[in-house]
Amino acid sequence: MKNKVAERFSEFLERWICQLDDYFQQLMETVSNERSKTATSQCLNHQQEVEALVLKVTQHYKEYYTMKWALAHEDVFAFFSPVWLSPLETACSWITGWKPSAAFKLVDSVRKNNHTLAELTHDQESKIEELRRKIKWEEDKVEREMERQQVAIANGKMVELTRMVYKVSGIQASQVEGLARVALKGLMAGLEKVMKSADCVRLRALKGILDVLSPLQCVEFLAATCMLHIKLRQQGKKKNSIINN
């Protein structure tokens, strides 16, 4: 059963995915058009159009996180048990989203099948490798913080023990419930912080890669990113449909 936060984000996500699919088609069309041209046929206006499309897609991803953070502030637990995701999507999730280091694996994969990304300069390769190491370090830091929060959750059993102690001591149930609410509020704040930290690493990985690539390389990388996101969702829904039927 969905609560209000889950309902609102589910509705938002469906609209967001539809728009993402539209951007994906635009990205693929741009890639196709570029491959049919020669280097001498490029012009300033066309370059600006490519850069504008890249900006639109990156802004679309930022809108996702803006909505996610706003609703998570109301109920962060909804994002740690997302009813809007299929089991397949959930299995591929890392702290409420995609794992940042996966972006670099995607770059490696696309380079094997794409002539433009395959033509990275030595300087571009060095910068991407440096960014890869930095993002991995940040991932590890977030995971350590998540482990700390999980220990805090386990220690939540102490709340029940405290309830029993207070009952024996004659403390009113309302006082115990007040303490439990404080503990729960602290837990939610901790999880919200971890979630935002993970999202920030995701955004830094995405922005870092795009900053290294040329406009056309950005288009090709974003096309692959969008396709992966869309296909994963489609396959997840398809498997759910088969299981439910």
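The values are calculated or read from the model by the stated rules, or taken from the named source; none is laboratory data. Since we're looking at a predicted model, the values are computed, not measured. Neighbour counts run over all protein chains shown; Cβ positions are idealised from the backbone, glycine included. Just so you know, the surface numbers come from the protein's heavy atoms only, side chains and all, with ligands and any DNA or RNA stripped out. Shrake-Rupley method; radii C 1.70, N 1.55, O 1.52, S 1.80 Å.
Couple of notes before you dig in:
- Test result for residue 106, closer than 23 Å to residue 207 by Cα and either in contact with a helix residue (DSSP H, G or I) (Cβ under 7 Å, 6 or more places away or on another chain) or assigned to a loop (DSSP other than H, G, I, E, B) (or both): yes
- Selection within segment 69-108 - closer than 23 Å to residue 140 by Cβ and not hydrophobic (A, V, I, L, M, F, W, C): 90, 93, 96, 97, 99, 100, 101, 105, 108
- Pair list, Cβ < 6 Å and 6+ apart or interchain, from segment 6-24 residues that are farther than 17 Å from residue 80 by Cβ to residues that are open to solvent by less than 60 Å² (accessible area, probe 1.4 Å) and aromatic (Phe, Trp, Tyr): 16/64
Okay, residues lined up against (1) under 30 Å from residue 184 (Cβ atoms); (2) open to solvent by 50 Å² or more (accessible area, probe 1.4 Å):
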site	(1), (2)
51	no, yes
59	no, yes
70	yes, yes
86	yes, no
91	yes, yes
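- Pairs where the first residue, in segment 195-217, is under 14 Å from residue 57 (Cβ atoms) and the second is open to solvent by 50 Å² or more (accessible area, probe 1.4 Å), C-beta under 7 Å, 6+ apart: 215/47; 215/51
- Residue in segment 107-129 that is more than 26 Å from residue 19 (Cβ to Cβ), crowded, with 17+ Cβ neighbours inside 10 Å, touching a residue at least 24 places away in the same chain (Cβ under 8 Å) and in contact with a Gly (Cβ under 9 Å, 6 or more places away or on another chain) present: yes
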